[in-house]
Amino acid sequence: MNSREIAELVEKRHDSVKRTIDMLVGKELIQPQSVDEQDTDTMGRKRTTSVYYLEKRDSFVVVAQLSPEFTARLVDRWQELEAEKANGGFRIPRTIGEALRLAADQAEQISEMQPKALAYDRLDTADGNLTLRPASKVLGYPERKLSQWLQSNRWAFRQSGKGPLQAHVDKRNAGCLDHKLHNYTDERTGEDKVSVTLVITPKGLAKLAKVLPL
């Protein structure tokens, strides 16, 4: 919980709450974290405000110092926060206004996601396989990180930990990865050889676009 919320709960000014927190910190009774946040003043001008974030125990100490009669509100608020965490961060609307705002936010998120989802679907039907470097550019993901992710998530591997990347069988069978073979002559020995290059299929690109971490 942060100092802004405490100020609202106990119906006091934020700067007054922060002074109380500073006093309790000076007495080594609490250990909050201070974070600078952007907001606006009463004139609508942007400013930076220091906000304290407190653990459950410390928030009780602060409220007990400010207004003991508001302890019940604090207990209720902590129960709400813990319920939100148990629900994966989802906050159940408490008023009709909050429910309407939530619906509007979700509609906006869906509208933003639709073009991206359509782009991924188009990748799935595109023609041509890509090697790692051009695939990383299409996905907007650094080549080295993409290589590491493929290996960490059992898409690809290096034989004995070295050599070129090779696809795991299940990813080849699923149509996500493949190999491009290149015949060449070893200039040193004159022998005909074959090199293997990992390629990512359009289906694999579509899948990776959805599962790669940001």
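The values are calculated or read from the model by the stated rules, or taken from the named source; none is laboratory data. Please read all numbers here as calculations on a predicted model, not as lab measurements. Heads up, the Cβs are rebuilt from the backbone with ideal geometry, glycines too, and the neighbour counts pull from every protein chain shown. Heads up: the accessible areas ignore ligands, DNA and RNA and are worked out on the full protein's heavy atoms, side chains in. Shrake-Rupley method; radii C 1.70, N 1.55, O 1.52, S 1.80 Å.
What FRET efficiency comes out for the pair Arg144/Ser34, r = Cβ-Cβ distance, R0 = 45 Å, nearest 0.05? Here the calculated transfer efficiency is 0.80. Any idea how far apart Arg13 and Val75 come out in nm if each label point goes 7 Å out from Cα toward Cβ? According to this spin-label approximation, the distance is 3.1 nm. Averaging Cα coordinates gives a centre for the range 154-214 and one for the range 58-78; these two points are 60 Å apart.
For the range 6-17, the Karplus equation 6.51 cos²θ - 1.76 cosθ + 1.60, evaluated at θ = phi - 60°, returns couplings of 4, 4, 5, 4, 9, 6, 10, 5, 4, 5, 5, 5 Hz by residue, with Gly and Pro reported as x. On the range 153-214, 49 percent of the accessible area sits on carbon and sulfur atoms, based on a 1.4 Å probe. Across the range 129-146, coupling constants 3J(HN,Hα) worked out from phi with the 6.51/-1.76/1.60 Karplus curve, θ = phi - 60°, read 9, 10, 6, 4, 5, x, 5, 5, 5, 4, 7, x, 10, x, 4, 5, 5, 5 Hz, and Gly and Pro carry x. The amide H of His179, built 1.01 Å from its N in the peptide plane, has Val199 as neighbours under 5 Å, considering only residues 5 or more places off or on other chains. Each peptide among 197-208, 178-189, 138-149 gets the average number of other Cβ atoms lying within 10 Å of its residues, and from highest to lowest they stand as 197-208, 138-149, 178-189. Take the range 151-202 with all the other protein chains still there, run a 1.4 Å probe, and you get 68 Å² of accessible area per residue. Put simply, the amide H of Val51, placed in the peptide plane, has neighbours under 5 Å in Val35, Asp36, Glu37, leaving out anything fewer than 5 places away on its chain.
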